[in-house]
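Colleague: Please find one structure pasted underneath; my questions will follow.
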Amino acid sequence: MTSPKIQKEIVSACKIESVKVILDELNGDYFALLVDESFDVSRKEQMAIVFRYIDRKGFVMERLIDIVHVQDTSAPSLKEAIVNLLAQHSLSPSSVRGQCYDGASNMQEIIKEALDMGELSTGRGLNQQLDLSRSCDTRWGSHYKSFNNFIIMFGFILDVLESLALDARNLDERAKAMGHLEACRTYEVAFMLHLMRDVLGITNELNKCLQKKEQDIANAMLLVEVAKRRLQVLRDDEWDFLIAKVSTFCIQHDVLIPNFDEPYISSLRSRRKLANYTISHHYRVEVFCNIIDWQLQELNNRFDEVTTDLLHGIACLNPINSFSSFDIKKVMRMAELYPDDFDESNMNALRNQLASYIVDVRDVDERFSDINGLCDLSKRLVQTKKHFTYPLVFRLVKLALLLPVATASVERAFSAMKFIKNDLRSKMSDDFFSGCLVPYLKKDVFDSISNDAIIKTFQDMKPRRIQL
């Protein structure tokens, strides 16, 4: 029992039994995939795979199935890894009814230099309100916080860099500190800090809404429209206000303000080769308008017509305020987006079931008068056995709940990953790492497993000289 090899096999048996419980909860039903990538402490790219499904009692569950080391992060390689994992557990890709792949870790910010400054820290302590912790690769709200804190603490950052330059132990450290200090004292950094804070501030409420575990789709769709309109107003009407803000900031911190009518000189080209446009054109057209247009395009791509129809249909199923949002036309439009689940005959039956269902739950059955969301609705349908009475409606509710909007569960796996595989355990094998992480993250599942089940799995892994 003290042998490291035996201990690792027992850990593997714990993971196998935990996954068995999750697959038993899934019961061969539909599920959604939540997938994201992140580096572990040894700089290995790890892909976390989470299943989102509805259990037998109507509860929405998000369970980590595995974390897989991937050497190649291209789309075909990731797809192959996911398909292999599904096959390993005798699951078919045809059962997948939702997919969420967070691409934030592969994005590149235009102002990478400003984000690099996040490596500086103001120290640790209780009640510390401001810090310059590194922005999270997968959570965009952290970027907004970093930009905001960078602006607030700008003067202190300059002081720290000056001290580092003066007290440097060698020329290399002094050169780095002086380089950062020189970069900070440029108009370009001041402009980008304020622009990105304004742009990310506009979408910050939407980000926070989408990161909630209990999704409020109706409000999320409203916030999408709010963000689009505010970005357009920023682009059309608030250029002068932004320039005034940046100028005040530059005067306060002794940053040189350029003459906007002079030709723009790029740091990437020779000073003898002037650009054929002015500094004003560069900042307003090449930077200001382009960044806002990119953000608007991102919102349009992520919330296109199909996605909007789907989300509006989900909002109409929401039982809040006595099903006041219910709209049978929008719900039917949502069902049309799932042709494999609702063929022509099912669509006719669904319309009849929806008509009876809404009268039943809104006007007849008082047990549905205190429902606060789709999760509660799913549980109540199972409790009252109405998922047998209205099976197609219940299928639609499940499909709505399977829709993953954010990868918060995957991000929690990455937080635990840093605890399991730390600097002292940086060389642990991938199998041992995965075996530790899955039971650790799903303690409620692991607690439900008997020791006898784990021992049997351990015994069955290979022939043993003795039986436990």
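Colleague: For the stretch 297-307, give me each residue that is within 14 Å of Ala227 (Cβ to Cβ) and open to solvent by 20 Å² or more (accessible area, probe 1.4 Å).
Modeller: Gln297, Glu298, Asn300, Asn301, Arg302, Phe303
Colleague: Tell me the residue from Glu17, Glu62, Glu45 that is in contact with a Ser or Thr (Cβ under 7 Å, 6 or more places away or on another chain) and without any contact (Cβ under 8 Å) to a residue 60 or more places away in the chain, please.
Modeller: Glu45
Colleague: Out of the residues in the stretch 20-63 that are of a type in the set (Lys, Arg) and crowded, with 21+ Cβ neighbours inside 10 Å, state the one that is farthest from Lys385 (Cα to Cα).
Modeller: It comes out as Arg63.
Colleague: Counting only residues that are in contact with a helix residue (DSSP H, G or I) (Cβ under 9 Å, 6 or more places away or on another chain) and of a type in the set (Lys, Arg), give me the helices (runs of 4 or more DSSP H) lying completely in the stretch 404-468 with at least 1 of them.
Modeller: Hits in the stretch 404-468: 408-420, 451-461.
Colleague: Separate question: Among the residues in the stretch 124-143, are any at pLDDT 85 or above and either buried (at least 18 other Cβ atoms within 10 Å of the Cβ) or at negative phi (or both)?
Modeller: So far as the stretch 124-143 goes, no, none of its residues is at pLDDT 85 or above and either buried (at least 18 other Cβ atoms within 10 Å of the Cβ) or at negative phi (or both).
Colleague: Do you know which residues across the stretch 311-336 are within 16 Å of Phe394 (Cα to Cα) and either at pLDDT below 85 or among the hydrophobic types (A, V, I, L, M, F, W, C) (or both)?
Modeller: Scanning the stretch 311-336 gives Ile314, Ala315, Cys316, Leu317, Phe323, Phe326, Ile328, Val331, Met332, Met334, Ala335.
Colleague: Among the candidates Leu354, Leu317, which residue alone is more than 31 Å from the chain's Cα centre (by Cα), open to solvent by less than 40 Å² (accessible area, probe 1.4 Å) and either polar (S, T, N, Q) or farther than 20 Å from Gln99 by Cα (or both)?
Modeller: From the options Leu354, Leu317, the qualifying one is Leu354.
Colleague: Moving on. Which is part of a loop (DSSP other than H, G, I, E, B), over 31 Å from the mean Cα position of the chain (by Cα) and farther than 18 Å from Tyr187 by Cα, of Asn276, Asn348?
Modeller: Residue meeting the stated conditions: Asn276.
Colleague: With the requirement that a residue be surrounded by fewer than 19 Cβ atoms within 10 Å (Cβ to Cβ), hydroxyl-bearing (Ser, Thr, Tyr) and modelled with pLDDT under 85, what does the stretch 385-431 give you?
Modeller: Scanning the stretch 385-431 gives Ser415, Ser426.
Colleague: Hey, another quick one. Pairs only if they're at least six apart or on different chains, beta carbon under 9 angstrom, first in the stretch 362-374 and part of a loop (DSSP other than H, G, I, E, B) and modelled with pLDDT of 90 or more, second basic (Lys, Arg) and surrounded by 15 or more Cβ atoms within 10 Å (Cβ to Cβ); list them, first residue then second.
Modeller: Matching pairs, first to second residue: Asp365/Lys386.
The values are calculated or read from the model by the stated rules, or taken from the named source; none is laboratory data. Owing to the predicted nature of the structure, the values given are computational and were not obtained by experimental measurement. In this analysis, Cβ positions are derived from the backbone assuming ideal geometry, glycine residues included, and neighbour counts consider all displayed protein chains. Keep in mind that these areas ignore ligands, DNA and RNA; they rest on the heavy atoms of the full protein, side chains included. Shrake-Rupley method; radii C 1.70, N 1.55, O 1.52, S 1.80 Å.
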